[in-house]
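One structure is given here, and the rest of the page talks about it.
The values are calculated or read from the model by the stated rules, or taken from the named source; none is laboratory data. No experiment lies behind these values; they were computed from the predicted model shown. As a convention, Cβ positions derive from the backbone with ideal geometry for all residues, glycine included, and neighbour counts pool all protein chains shown.
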Amino acid sequence: MNSTRVLSLISRNVSTTARRNMKAVQADINPAHLALKEKQKIFNIDNGLRIHERGGMGDKLLYQLSSVLVVVGGVLWVKTVYQMAFPPKN
């Protein structure tokens, strides 16, 4: 009974990943993951900007383009509803 316990403890110590060295863990982190974490830190800073303003000029342009597309879509919808409500007389 005691030998089974010793064998299980030895095999657990050999096969576990919990005893890895922290330097080895740091070496296994992907550089792209570290870059993502840095970008997340920028977005988490409370600098008074809204979320679409924190990404720089590219995000501002995408926000403006989205706003324009929503307005154009709304105008086209109103035009379509008007044409369906008052069809041209032939």
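Candidates 89, 60: the one that is among the charged types (D, E, K, R) and over 24 Å from the mean Cα position of the chain (by Cα) is 89. Selection of region 52-64 for residues being of a type outside the set (S, T, N, Q) and surrounded by 10 or more Cβ atoms within 10 Å (Cβ to Cβ) yields 52, 53, 54, 55, 59, 60, 61, 62, 63.
Evaluating residue 4 against the criteria (1) loosely packed, with under 10 Cβ neighbours inside 10 Å; (2) hydroxyl-bearing (Ser, Thr, Tyr); (3) modelled with pLDDT of 80 or more leaves one unmet condition, (3). Residue check: residue 43 meets all listed conditions (1) over 14 Å from the mean Cα position of the chain (by Cα); (2) modelled with pLDDT of 70 or more but one, namely (1).
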